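Q: Here it is, the structure in full.
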Amino acid sequence: ALSPAGATQQEEWPVSMRILLVEDDPSLASGIRMALKPEHYTVDHLTDGDTALVALQNEPFDAVILDLGLPKMHGLEVLKKLRSRGSALPVLILTARDALQDRVQGLDWGADDYMVKPFELPELLARLRARIELSLAPAK
């Protein structure tokens, strides 16, 4: 079987990559989960920042798709706390906040990528693949 990047799964990817999706919009989260499933991703969906931070501390994930406008704890605060623990887990911010200052702040605080809603699913999948492949590449 080929991974999305063209390498065999045995060479590059585990059978299924585990993604944490932190998104408080249930219909959007459902659509993302459905799009990721055929791409060999297992998706855990959480709806608030506090719960996400606990899960990130206690569970192994391969990447995070993180909204910013979350209940209980803002997505940037989740990101900041994750990075303060020394985690290099790939984080892709997916948010409606499209101002330049928001994008720069998200990247400066440690996001690996930043996408603005509305978005196209093929682009989300491509960016997610790129971030995961980069994280799996041997250190030079």
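Q: Restricting to region 53-76, name every residue that is farther than 13 Å from V91 by Cβ and touching a residue at least 24 places away in the same chain (Cβ under 8 Å).
A: Within region 53-76, A55, Q57, E59, P60, G69, L70, P71, K72, M73, H74 qualify.
Q: Need the failing condition index for D113 against (1) at pLDDT 95 or above; (2) under 14 Å from V22 (Cα atoms), just the number.
A: All conditions are met except number (2).
Q: Here's a follow-up. Determine which single condition A88 fails, assuming it passes every other condition in (1) in a helix (DSSP H, G or I); (2) open to solvent by 40 Å² or more (accessible area, probe 1.4 Å); (3) in contact with a helix residue (DSSP H, G or I) (Cβ under 8 Å, 6 or more places away or on another chain); (4) aliphatic (A, V, I, L, M).
A: (1)
Q: Identify all residues within region 26-56 that are modelled with pLDDT of 90 or more, part of a loop (DSSP other than H, G, I, E, B) and open to solvent by 60 Å² or more (accessible area, probe 1.4 Å); write none if there are none.
A: Once the filter is applied, which keeps residues that are modelled with pLDDT of 90 or more, part of a loop (DSSP other than H, G, I, E, B) and open to solvent by 60 Å² or more (accessible area, probe 1.4 Å), region 26-56 yields only T47.
The values are calculated or read from the model by the stated rules, or taken from the named source; none is laboratory data. Please read all numbers here as calculations on a predicted model, not as lab measurements. So basically every Cβ, Gly included, is an ideal-geometry build from the backbone, and we count neighbours across all protein chains shown. Surface accessibility is based on the protein's heavy atoms, side chains included, excluding ligands, DNA and RNA. Shrake-Rupley method; radii C 1.70, N 1.55, O 1.52, S 1.80 Å.
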